[in-house]
1. Between the alpha-carbon centers of the stretch 32-46 and the stretch 198-235, tell me the distance in whole angstrom.
2. Measure off, as a whole percent, the carbon and sulfur share of the 1.4 Å-probe accessible area of the chain, all protein chains present.
3. Which of the three applies to the chain, rounded, prolate or oblate, going by the alpha-carbon gyration tensor with a ≥ b ≥ c and a/c under 1.5 meaning rounded?
4. Rounded to the nearest 20 debye, what is the charge dipole size of the chain about its Cα centre when +1 sits on each Lys and Arg Cβ and -1 on each Asp and Glu Cβ?
5. Test of the criteria: in the stretch 1-74, which chymotrypsin sites (Phe, Trp or Tyr not before Pro) are in a DSSP loop and have at most 12 other Cβ atoms within 10 angstrom of their Cβ?
6. Go ahead and set up a Gaussian network model of the chain, Cα springs under 10 Å, then flag whichever of S90, S113, S124 fluctuates most.
7. Taking amide H atoms as placed 1.01 Å from N in the peptide plane, list the residues 5 or more away in sequence, or in a different chain, whose amide H sits under 5 Å from that of G175.
8. Measuring with a 1.4 Å probe in the full set of protein chains, what accessible area per residue, in whole Å², belongs to the stretch 127-235?
Amino acid sequence: MCGIVGVIGPAPAAPLLLEALRRLEYRGYDSAGIATLVAGRIERRRAAGKLDNLARELAQRPLAGTIGIGHTRWATHGAPTEHNAHPHVSGGVAVVHNGIIENYLELRSELISLGHRFETETDSEVVPQLVAHYLRVGLGPVDAARMAINRLTGAFALALLFEGHDDLLILARRGSPLAIGYGESQVFVGSDALALAPLTERIQYLEEGDFVLLRASGAIIFDHQGRKVERPIVR
């Protein structure tokens, strides 16, 4: 089962993301990766196999940046290789995804007909490719993400990172769990509370269909009907 983590705050993101991913190892996985914003641009490190391989890659090629996302992948579509590992990146958008995009072949064919080139064998790559398409036609990150997510069928939890936006992660939950954690000067996202346990005691669980704008100042949450809502924060 795949795992998602993310962070926004003043401290370097990569060490926090790696620590959180280690707490998700119990789920089982075959590759892992982290992406951060460095001077407004997405940089990522990925590795097949255990997190120690990713840790060695980060030691050799450190990642700066104070906002980022991370993932442990259990292969469903495509081999368990670095090439297929998350985060996936396209057109200034990085995505980590848990779950299955059931209509990915249809979306992939549509995007290829529009000139998109795919780099992986995964269903997940259609997400950043589709969001990037809507960015290219003039939508901003929030509307582009919303349009893309509305076209997905299946079960998923998503975290999206955008070039040039160092205080924004966009989250979505449909059929796969996702939680937000609140620290003193940071906010976190994780696919379960265990990933966030060493980082914060204040957890907010997203509900089915939620769409979230996550910033260092907190979360703006919309339900499946697009209404702004509050979700309880628990210890």
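The values are calculated or read from the model by the stated rules, or taken from the named source; none is laboratory data. Since we're looking at a predicted model, the values are computed, not measured. Glycine also receives a Cβ, built like all others from the backbone with ideal geometry; neighbour counts cover every protein chain displayed. The protein model used for the area step is the full one, side chains on, heavy atoms only, and it has no ligands, DNA or RNA in it. Shrake-Rupley method; radii C 1.70, N 1.55, O 1.52, S 1.80 Å.
1. First find each Cα centre; the distance between them is then 24 Å.
2. Percent of accessible area from carbon and sulfur atoms in the chain: 51.
3. Because its axes are fairly even, with a/c under 1.5, the chain counts as rounded.
4. Rounded to the nearest 20 debye, it is 200 debye.
5. When the chymotrypsin sites (Phe, Trp or Tyr not before Pro) of the stretch 1-74 are filtered for loop state and at most 12 Cβ neighbours within 10 Å, nothing remains.
6. S113
7. Amide H neighbours of G175, under 5 Å, 5+ apart: F156, G209.
8. Accessible surface, normalised per residue, equals 43 Å².
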